[in-house]
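Here is the structure we will look at, set down as structure tokens.
Throughout, read-outs are computed from the coordinates displayed, never taken from laboratory work. This one's a predicted model, so the numbers in the text were calculated from it and none came from an experiment. Here the Cβ positions follow ideal geometry from the backbone for every residue, glycine too, while neighbour counts run over all protein chains shown.
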């Protein structure tokens, strides 16, 4: 669900024209939107083979009902296809959003199955080749962001924006609290967009990320620094990310770098040694139509620990949306 800066830059290359209005009368508006994305992809895993990959598919119904001039009731139902690790047949279709709420000048308040505010974290301009804290330390940091029982509030007046969400505890009796609370605070001024994210898992994990991006005409530059810790586990994981993109007519070029230092004992490590990951990626995107894009990407990943060995990551993809 993550919306990268590259996606925003590509939208700027051609007018956004996605979405079909199904009904608009008597204060009731219903819209349908969707997308399909297919790739030829080779991951970082040593010895892996490249193959055609059904990367993503989305279908979303959005409804807004005018209660008054200042208040609307809203609802959303969306289905997503994602090719994820652990799928026995290589595919999964799931209802990721099913919520209702209200919006108006005060912001937007929603309840139900949805994404936490933290889902939008990151300044990555990659498609598949960038890594994050949870990818470097898969057995410890795990930033899950989609649940059935979330209350979420967001506000944005153009210059200042904020958000907070809470996943309620639904753990079995006698087990540890599994609630989650997170938030975002940001501002925009003269091409600069800066924000900070924080997420706290009652089970004992905390992650924060400070981000900034600067847009000057067709050039976008971005940087972030984040840190993750786990209760009762020695050490922490940190990440520095840099990225930039340049759009020429309908073509966008992007380059990014991630450096992760992981010294969380008890994940991949058997002692107090730390692991440093260096990750570089580059891609080019061609906007064939406001609703159609093709792209190609190369990624490189290296770690200073003998337990990690990686292949070249490469991807070519096509996305069609409506």
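Quick check on the range 5-321: what does the Kirkwood estimate of hydrodynamic radius come out to from the alpha carbon pairs, in Å?
Value: 21.3 Å, from the Cα pair sum.
Could you rank the peptides 19-25, 43-49, 207-213, 124-130 by their average count of other C-beta atoms within 10 Å per residue, with the highest value first?
In descending order of packing, they fall as 124-130, 207-213, 43-49, 19-25.
Quick check of the Kirkwood formula: for the range 155-290, what is the inverse mean of 1/r over all pairs of different Cα atoms, in Å?
17.8 Å
What order do you get for 166-172, 240-246 when each peptide is scored by the mean count of other beta carbon atoms within 10 Å, highest first?
So the order, starting with the most tightly packed, is 240-246, 166-172.
P(r) tail for the range 105-219, what percent of Cα pairs lie past 25 Å?
31 percent
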